[in-house]
Structures are given as structure tokens and as C-alpha cells.
Amino acid sequence: MAATESGSGVGRLDEPAVIGRRVLRLRTELGLTQRQLAEPAYTPAYVSTLESGKVKPSEAALRHLAGRLGVTHEELATGRPARLATELRLRLTDARRALAIGAPEDAAALFRALHDEAVEHALPGEQATALLGLGDCLLESGELDDAHECFASVERLLADEPLPRRVPAIRGRANAHRLTGELRYACYLLETALDQLGASGLHDPDALLLLYTASIAPYMDMGAHERAAHAAELAIALSPRVDDPALLAGMHRGVARTFIAQGRIAEADASLAKAQDLYRQLHIRTELAHCHWMRGYVHAQDGDLDRAESELRTAYDMLTSKRAALFAEQVEVELADVLRRRGKVREAEALLRPLLAVGTEGTGRAGRGAVHVGAAHRLLGLIAEECGDPEAAEEHYRTALPLLERAGVAGDLAGLCCLLGDLLRRTGRTEAALDAYRTGLAHRATPGTTTLGSAPAPPLM
């Protein structure tokens, strides 16, 4: 972040020479002499020295000169109009809303333009906000490497800020690592942040909610089901109840526009802060879909397939309504498994087959959604076996193997090798079956692939 001049509240001041030229230009435009500008608090010689860039003006001098020149203190000190930062924050709020209700590609274009404008006007806070929004867009559209770099840039920009300010970027970076198959590192990032929040006493509910909901997916992928369920319970307990947040946020945005038009900048900022909080909750609602997904998974493990299907459909509807396609793919696989177990084979196939193309289309070190594409092939293999088509089943299993290997999901890979081995054994290919079993055992025995360290301490509720 830019250093703040003591007590000024305007951020980093321009160099004395730049300020001096600005004073000279404004004074000349108004037809004022140096004496007229200086009096009664300063001398013409001081104004002359200042205009030549030989002295750094004090805050008191800047405020006096700004009042005489008819501009704000911030505009004289930085060259930025007083309302520029507030208007930029308004448009960042609009871009966040566009992401919440529309396609990530459209919102990404808005965030890129706003980021460039924030860089041009040296507004690092707004620059970080734009990068965070852009990272979320790229994450949802599957451009994982670019998303990772956006989130890392936000953390660098906010390095001197309190940890809760950096949590959305940490969450985003962990999600990018998870979707590229780096599951243990994703868990490490999230659990480290949770421990740091606890150790520092920063029990920020929004930050905790983001971290707990983000941890559910990598826990599940690693087979840490109990830890995932506990994270889901904590997230649901932390989640606020909001009545129609979109309408409330729209009201605050409208009020902010009227305040800006009236020059009431501080009040506009206050209304924008309320709107941004509400839109952030909308984004958290998307994350809470993962909690419904977790509950659906737990019900499925308990054999309560009716409740499992209901929870998973709720999660899927929440994610698709926000066009969070990449995250919705996770839920589609789980829902298809429940549908298969309930005998709704055709409906399960209809969910799974569109997923088969995305494993080779996305960017990222392990491909877009490699874990879930591999899981889709595994389920289609099971369906093919149940329908009496062992050749199709074997083809799906063998297609899934490299996808899961790339993602490093050892537990799922071992289970898949077992399914393939059983199929090969039933079709009389004993040696090939033994090779499949050996491969599965090797992945199952890999040290450190399914174990995690101590869980983070739970927050103070």
C-alpha cells in the first residue's frame, strides 16, 4: 500500500516539483499574484520557493493553498479530483455485482479496465480490489494460472494490511491450487490463515467464513471427510442471515450516486461500504453452496439418498444461478452419483457427459477441473458396468486414470485402480488386473498423501 502522509488521509503526495508546477498552473489560470495566493498566512517568497519545487509543502500550507485555488486538498496534493477514488469504488461495486449475477467473462472486462485506471491514478487499495475481482472471474471461467497471479498480486499489495483484508486473496489462491491438483498446499494456505487469525485474536466472521468454506473442497478431495464436515458446520454457524441482499445493495448504490452528485463524498463512501458488504455476502452465498454440497455428501454416505439429492440440488442451483460453472462441476459429479444409486441412470448420464470435454480445454498446471472430469469418467464406467457394457466401462476407467494422476488425488486414484482391476479380473485378464491392483496399492501407500497435520483451532463463536 502507498504510505499515508501523517494526518493527511490522501495517500502518497506527489513530489514537491510536481506540486509546485500544479500550484503555478492553477494560480496562473485564476490570474492571482503570488502575494494574493500567499496572504495572510504565508509570504510571496514562500509561494515562489514552493512553485519552483524547492520546498515540500506542509499539510497546513496545502490546505491554505487549496482553499485559495478553489480545489480540494487531495487534488492539489496528488492531482486526483476528490471524487475520483469514490467514483472508482462505485464502479468496482458495479463490477462485483456484475460478477454476482452475470457471466465472469463480462465482469472480467470491467475489472481489467478499473485496475488500469487505479494504477494510472496511484490508488493501490482500489487496484487490489480490482485484481481480487478479476481473480474471481478467472477462477470461475477456469483460467487458473492467471487467477493465481491476480490473487498473489493482491497479497503483495496488501502486505501491510491486517490479515482479514488479505483473506479473500488467500482463499482465491488456495482455490486455484486446489483446482490444479495441489491439494495439500491449498489446505496449508487456508489452515495457516485460520491459525494466524486465532493467534492474533482477529476473529473476523466474514474472513473465517471464507476460509472454512474454501477448505471443504480440498479436504474432500484428500479424503479428510470428517474435517470437511466440521468446517462445513462452522461455516454454517458463522453465516449471517440476509433478507434480499441484492435489493438492499441496490438501494445503497443508488443513494451513493446521489451523494456523489451533491459532492457529499464521505456519505457516498459510507453508502458504498454498505453496498459492498451486501454484495460480498452474495458472493459468500455462492461459497455456502459448498456447505450444502458437503451435507449432501454426508447424507449420501449415511444412505439417506433423498436428503442427499435435495442438498446437492440446492448447491447446484445456487452455483449455476451465479454462473459459477467451474464450481458447479464439482456438485454435478456428486449429484450424478446419488442419482445413479437411486436408479436414475439416464439423468445421471445427462449430467456427466457435458463434463467430459472440459478436462483438456482449460488452463492450469493440471487442467481445468481434472479431479471432477476424472470422477465423471469413473461414474460413467460404473454405469456402463451396471448396464452390461464392460468395454465402455474399461474405456472410461482408463481415461480417468491420467486425469487423477495429474491431479495427485491419491485416494480416488487407488479406488479407481481397484475398480479397473476387478473389471479386468472378471473378464479373465488376471495379469492386467494384478498390475492395476499394484498401481492402486502404490498410490494408497504413498506417504503423506491422505494425512494432514493438526486441525486449526475453532473460532470463538
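The values are calculated or read from the model by the stated rules, or taken from the named source; none is laboratory data. It should be emphasised that the depicted structure is a prediction, and the values quoted were computed from it without experimental measurement. FYI the Cβ positions are ideal-geometry reconstructions off the backbone, even for glycines, and counts take in every protein chain you see.
For ALA77, state whether it is within 30 Å of ARG25 (Cβ to Cβ), buried (at least 20 other Cβ atoms within 10 Å of the Cβ) and not basic (Lys, Arg). So that I can check it myself, show each step before the final result.
Values: within 30 Å of ARG25 (Cβ to Cβ): yes; buried (at least 20 other Cβ atoms within 10 Å of the Cβ): yes; not basic (Lys, Arg): yes.
In short, yes.
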* To do: Quick one: in the stretch 62-89, of everything that is assigned to a helix (DSSP H, G or I) and of a type in the set (Ser, Thr, Tyr), which residue is farthest from the chain's Cα centre (by Cα)?
  => THR78
* Selection from the stretch 214-228 of residues that are at pLDDT 75 or above and among the aliphatic types (A, V, I, L, M) -> ALA214, ILE216, ALA217, ALA228
* To do: Quick one: which residue in ALA256, ALA348, ALA270 is in contact with a Leu (Cβ under 8 Å, 6 or more places away or on another chain) and at pLDDT below 70?
  => ALA256
* Applying the selection to the stretch 62-73, what residues are in contact with a Phe, Trp or Tyr (Cβ under 9 Å, 6 or more places away or on another chain) and either at pLDDT below 90 or among the charged types (D, E, K, R) (or both)? -> none
* Subset tally (residues that are more than 23 Å from GLY172 (Cα to Cα), of a type in the set (A, V, I, L, M, F, W, C) and surrounded by fewer than 21 Cβ atoms within 10 Å (Cβ to Cβ)) for the stretch 301-344 -> 1
* **Any pair with Cβ under 7 angstrom, 6 or more apart, that starts in the stretch 51-78 at a residue that is touching a residue at least 60 places away in the same chain (Cβ under 8 Å) and ends at one that is in a helix (DSSP H, G or I) and of a type in the set (Val, Ile, Thr)** => ALA77/ILE19
* Restricting the search to the stretch 39-60, which residues are part of a helix (DSSP H, G or I) and either loosely packed, with under 13 Cβ neighbours inside 10 Å or at pLDDT 90 or above (or both)? -> PRO44, ALA45, TYR46, VAL47, SER48, THR49, LEU50, GLU51, ALA60
